[in-house]
Amino acid sequence: MDDRAWKRLIGQAALAKKLNMPIQFYGKIIDQNNAPVSGVDVFISVTANNEQLVEDLLKAKEKGIFLDSPYIKVTNLALQSDVNGLFCIDNMRGDSLHLEILKEGYLSLKNKFYHYEKAKDYAYQRKESPEIFPVWRLSESLPHLSTISFRFRLSEPNVYYIDLSRRKLVTQNDTNDLICSYKIEKHEVKERFDWTFQIEASEGGGISETNEVFMFRAPEKYEPKWSWSMGKNDRCWSMLKKNFYIVSRNGKQYANIQIDFQPDLDGSASLAIESAINSSGSKNLERVPLIDRKSHDEYINRQIKEKMDFVLKNPVIP
């Protein structure tokens, strides 16, 4: 390698030192009752620009090996939350952090990614304001729920009646759980328009919008209807995604639903619904997606072992 190439590498290493930020991360894990959860396995990967670029390349050259990504270093860590549900990393440098939490008997969030930038103050870098990670402690016996996923094509603005259990549009005179209304303003062909979407509970029912991570515990109070309007110049004109609890059939059926509504320029729209339904009259909507409780725990334990083995074998990936 000529002098110019080495000077370029030295410059790259100097730049890496400027791009990397001091990394501190404080997290706290709590369950559905806001109680701290100890013994949760936390797997963290810190990605950094390689400040030891020149040294690493020289060592690799001496050993006659090739470094796949010499400009980047990834440090893999395995931690556990303490009795207060807390965990932290400190005294590291990098520009991003990837995090995953796992514990047998619990459902947790999907992988989380954090990017660090200069001059930005992140609350989770301070011990007194840790990032909160909610998990859900699963019951030993889960209720029997019907889980459904389907998509409707709404050919025109109108009122539509939905039977969740049968996953179909029905008539006004049929048993139904939800009434959806789609209205639009007059507009030119193939141009955006103002629109309104409304969901209304069928007789004897109610709706409750929620931002909960785990929609497993139906609330006590409900509203008769919920609506959303979008202007033709709004940035998210063709996208509406919301989560709700639904009680229907005179209080005999509870469900959580995720709605994805998307209008098209021709005035039609699509409506996708995912739902878990408890038809026993219980508000308990707790479930493990796709698999049963025993299989879920086996899967989590397998994931923990595999990730722990990976960290032990690959603490730093140059």
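Among all residue pairs at least 6 apart or on different chains, which show Cβ distances below 6 Å where the first residue, located in the stretch 176-191, is not assigned by TED's automatic domain parsing to the domain that holds Gly251 and the second is surrounded by fewer than 15 Cβ atoms within 10 Å (Cβ to Cβ)?
Final answer for the pair search is none.
If you scan the stretch 225-272, which residues turn out to be outside any strand (DSSP E or B), surrounded by fewer than 13 Cβ atoms within 10 Å (Cβ to Cβ) and of a type outside the set (Gly, Ala, Ser)?
Of everything in the stretch 225-272, those that are outside any strand (DSSP E or B), surrounded by fewer than 13 Cβ atoms within 10 Å (Cβ to Cβ) and of a type outside the set (Gly, Ala, Ser) turn out to be Asn233, Arg235, Cys236, Met239, Asn250, Asp264, Asp266.
To keep it simple, each residue is scored yes or no on (1) farther than 30 Å from Leu79 by Cβ; (2) among the basic types (Lys, Arg).
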site: Phe214; (1), (2): no, no
site: Met239; (1), (2): yes, no
site: Ile273; (1), (2): yes, no
site: Ser282; (1), (2): yes, no
site: Lys294; (1), (2): no, yes
site: Ile300; (1), (2): no, no
site: Pro315; (1), (2): no, no
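Regarding the stretch 270-293, can at least one residue be identified that is touching a residue at least 24 places away in the same chain (Cβ under 8 Å), more than 24 Å from Val213 (Cα to Cα) and out of contact with any helix residue (DSSP H, G or I) (no Cβ under 7 Å at 6 or more places or on another chain)?
Checked against the condition, which is being touching a residue at least 24 places away in the same chain (Cβ under 8 Å), more than 24 Å from Val213 (Cα to Cα) and out of contact with any helix residue (DSSP H, G or I) (no Cβ under 7 Å at 6 or more places or on another chain), the stretch 270-293 yields at least one hit.
Mind checking which residues of the stretch 102-128 are under 18 Å from Asp82 (Cβ atoms) and either of a type outside the set (D, E, K, R) or not assigned by TED's automatic domain parsing to the domain that holds Gln80 (or both)?
Leu102, Tyr106, Ser108, Tyr124
Leu99: within 30 Å of Pro36 (Cβ to Cβ), part of a strand (DSSP E or B), of a type outside the set (Gly, Ala, Ser) and not assigned by TED's automatic domain parsing to the domain that holds Gln262, yes or no?
On the way: within 30 Å of Pro36 (Cβ to Cβ): yes; part of a strand (DSSP E or B): yes; of a type outside the set (Gly, Ala, Ser): yes; not assigned by TED's automatic domain parsing to the domain that holds Gln262: yes.
Criteria met by Leu99.
Sort out which residues of the stretch 180-216 are assigned to a loop (DSSP other than H, G, I, E, B), more than 22 Å from Lys252 (Cβ to Cβ) and more than 28 Å from the chain's Cα centre (by Cα), and write them in order of number.
At the first step, the residues of the stretch 180-216 found to be assigned to a loop (DSSP other than H, G, I, E, B) are 185-194, 202-205, 210-216.
Subsequent filtering for residues that are more than 22 Å from Lys252 (Cβ to Cβ) retains 185-194, 211-214.
Glu185, Lys186, His187, Glu188, Val189, Lys190, Glu191, Arg192, Phe193, Asp194 - these are the residues of the stretch 180-216 that are assigned to a loop (DSSP other than H, G, I, E, B), more than 22 Å from Lys252 (Cβ to Cβ) and more than 28 Å from the chain's Cα centre (by Cα).
Is there a residue in the stretch 141-159 that is in the same structural domain as Cys88 (by TED's automatic domain parsing), without any contact (Cβ under 8 Å) to a residue 40 or more places away in the chain and aliphatic (A, V, I, L, M)?
No, the conditions are met nowhere in the stretch 141-159.
Can you pull out every residue in the stretch 109-167 that is under 30 Å from Glu200 (Cβ atoms) and part of a loop (DSSP other than H, G, I, E, B)?
Pro143, His144, Leu145, Ser155, Glu156, Pro157, Asn158, Leu164, Ser165, Arg166, Arg167
Any residue at all in the stretch 297-315 that's under 20 Å from Thr147 (Cβ atoms), out of contact with any His (no Cβ under 7 Å at 6 or more places or on another chain) and in a loop (DSSP other than H, G, I, E, B)?
No, the stretch 297-315 has no match at all.
Can you find a residue that is within 19 Å of the chain's Cα centre (by Cα), modelled with pLDDT of 95 or more and of a type in the set (A, V, I, L, M, F, W, C) anywhere in the stretch 223-235? Please lay out each step first, then the result.
The initial filter retains those residues of the stretch 223-235 that are within 19 Å of the chain's Cα centre (by Cα), namely none.
No, the stretch 223-235 contains no residue that is within 19 Å of the chain's Cα centre (by Cα), modelled with pLDDT of 95 or more and of a type in the set (A, V, I, L, M, F, W, C).
The values are calculated or read from the model by the stated rules, or taken from the named source; none is laboratory data. Just so it is clear, the structure is predicted and the values come from calculations on it, not from any experiment. Positions of Cβ are backbone-derived with ideal geometry, glycine not excepted, and every protein chain shown enters the neighbour counts.
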